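Take a look at the structure below.
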Amino acid sequence: MYSEEHLYSIALRECNFIGDINFFKLVRSFGSAKNVWQSAKKELSKTDGIGTKTVSDIGNPEHLKFAEKELLFCEKNSIKINLRHQNELPFLLKECDDAPAILYQKGNFDNNLKTISLVGTRNITAYGKKFIEDFFEEAKSHQFISVSGLALGVDKEVHEQSLKHQIPTIGVLAHGFHTFYPSKNRKLSEKIIEENGGLLTEFNSSRKPDRENFIQRNRIVAGISSSTIVVETAFGGGSISTATFANTYNRDVFALPGKITDKYSQGCNHLIFQNKATAISTIKDLLDLVGFNDPKEKIEELFPRSEISIQLSENQELIYQNIAANPHVSLDDLAEKISVASHKILPVILELELLGKVKSFSGRQFLAI
């Protein structure tokens, strides 16, 4: 189930001064975590942006012992270990510069479905609760994955409404799988896995739910999602950091506006005021903006008695068929598959977008529609 690369990746990530970015630099330069572990420190320190202090802890046998125990823990608890440098992360997340080197997973994650994160305060109000209920009632006919942080309040409501409407949901944790916080949501986490959803964390079994982990967790919630919806939050609430990460990753951010006197609407109002989020006016408009509208349905509404057939050119057809067969294919992978330079493919993709045949995502990923 696990390979040597899993072992050395865990050990390398445990080293002092080796964060996700330095980890990725090293494995990209040396080909694998095992190669990094076994290379001379003098050679490692020649890597661009990596100094002697950074590599000083690499090769520490204690980290290798820890990694061996971690693999046993993961095997015992049916935990999948996803490695960024082996392209095993969810496709949107792996495009983020600070994506986790290792992502631990329980349950399922369907890479072919759109991911929407909904986040907010633990102190949810009746206003926020009603919005979440209405959102899932309106969105239930669409195929997507909801993402949240499995905390109390907004997160809990998001996961519960997802389960109610049979929408797969992902909980992103701020600790390892050896514990659970908050304990009140343990049964909910089990139900999520039972209902074809999953749990994700970048933290191994030595990591407790420390305060700083929650901010770190929020970047995964944002990075994994094409859109982030902030339901309710006060000034300085944790959801502000999720929205900030989403902005950094060039993802869509939406916020539910409220009265300026309502504490848990003030953070949302401020995001809107600073142009860091689009104000939600109606649920229908929100569903349109996150991409749930089918262009074909729009055409049928405008021209109910007309059948519109678009004849593609040979180049358009070749590229369209390859995108259709490989959902969320990247520009580089597409160029390799059809043996055409990427700069020649881009204009054709733009034509397909204008024809309503292809949709592009951040990170130069494409999907046939």
statement: When (1) in a loop (DSSP other than H, G, I, E, B); (2) open to solvent by less than 60 Å² (accessible area, probe 1.4 Å); (3) under 19 Å from residue 119 (Cα atoms) are applied to residue 203, the one that fails is (3)
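Has the range 231-247 got any residue that is touching a helix residue (DSSP H, G or I) at 6+ places or on another chain (Cβ under 9 Å) and at positive phi? Before the answer, list the steps.
Of the residues in the range 231-247, the ones touching a helix residue (DSSP H, G or I) at 6+ places or on another chain (Cβ under 9 Å) are 231-247.
Add one more test, that the residue is at positive phi, and what stays is 236.
So far as the range 231-247 goes, yes, one or more of its residues are touching a helix residue (DSSP H, G or I) at 6+ places or on another chain (Cβ under 9 Å) and at positive phi.
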field: Of all residues in the range 1-13 being surrounded by fewer than 19 Cβ atoms within 10 Å (Cβ to Cβ) and not aliphatic (A, V, I, L, M), the one that is farthest from the chain's Cα centre (by Cα)
entry: 4
message: Within the range 29-139, considering only helices (runs of 4 or more DSSP H) that don't extend past its boundaries, which have at least 3 residues that are under 27 Å from residue 18 (Cα atoms) and of a type outside the set (Gly, Ala, Ser)?
response: 33-38, 41-44, 61-76
- request: Can you confirm whether the range 89-101 contains a residue that is closer than 30 Å to residue 7 by Cα, surrounded by fewer than 15 Cβ atoms within 10 Å (Cβ to Cβ) and under 19 Å from the mean Cα position of the chain (by Cα)?
  value: yes
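Evaluate the following for residue 145: is it in contact (Cβ under 8 Å) with a residue 40 or more places away in the chain, assigned to a helix (DSSP H, G or I) and open to solvent by less than 10 Å² (accessible area, probe 1.4 Å)?
Against the criterion (in contact (Cβ under 8 Å) with a residue 40 or more places away in the chain, assigned to a helix (DSSP H, G or I) and open to solvent by less than 10 Å² (accessible area, probe 1.4 Å)), residue 145 does not qualify.
Does residue 201 satisfy the condition of being in contact with a Lys or Arg (Cβ under 8 Å, 6 or more places away or on another chain) and either at pLDDT 95 or above or farther than 29 Å from residue 20 by Cα (or both)? So that I can check it myself, show each step before the final result.
On the way: in contact with a Lys or Arg (Cβ under 8 Å, 6 or more places away or on another chain): yes; either at pLDDT 95 or above or farther than 29 Å from residue 20 by Cα (or both): yes.
Judged against the criteria, residue 201 is a match.
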statement: Over the range 14-52, the set of residues within 28 Å of the chain's Cα centre (by Cα), open to solvent by 30 Å² or more (accessible area, probe 1.4 Å) and of a type in the set (S, T, N, Q) is 16, 22, 29
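Can you tell me which residues in the range 206-247 are of a type in the set (S, T, N, Q) and assigned to a loop (DSSP other than H, G, I, E, B)? Working first, answer last.
So the first thing to find is which residues in the range 206-247 are of a type in the set (S, T, N, Q), and the list is 206, 213, 216, 218, 225-228, 233, 239, 241-242, 244, 247.
Selection gives 206, 225, 226, 233.
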query: What number of residues in the range 77-87 are surrounded by fewer than 17 Cβ atoms within 10 Å (Cβ to Cβ) and under 17 Å from residue 201 (Cα atoms)?
result: 3
task: Sort out which residues of the range 220-237 are surrounded by fewer than 24 Cβ atoms within 10 Å (Cβ to Cβ) and touching a residue at least 60 places away in the same chain (Cβ under 8 Å), and write them in order of number.
output: 226, 227, 234, 237
message: Can you tell me how many residues within the range 238-255 are β-branched (Val, Ile, Thr), open to solvent by 20 Å² or more (accessible area, probe 1.4 Å) and farther than 18 Å from residue 100 by Cα?
response: 1
task: Please enumerate the residues belonging to the range 168-185 that are part of a loop (DSSP other than H, G, I, E, B) and open to solvent by 10 Å² or more (accessible area, probe 1.4 Å).
output: 168, 177, 178, 179, 180, 181, 182
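The values are calculated or read from the model by the stated rules, or taken from the named source; none is laboratory data. Everything numeric in this text was worked out from a predicted model, so none of it was measured. In this analysis, Cβ positions are derived from the backbone assuming ideal geometry, glycine residues included, and neighbour counts consider all displayed protein chains. Just so you know, the surface numbers come from the protein's heavy atoms only, side chains and all, with ligands and any DNA or RNA stripped out. Shrake-Rupley method; radii C 1.70, N 1.55, O 1.52, S 1.80 Å.
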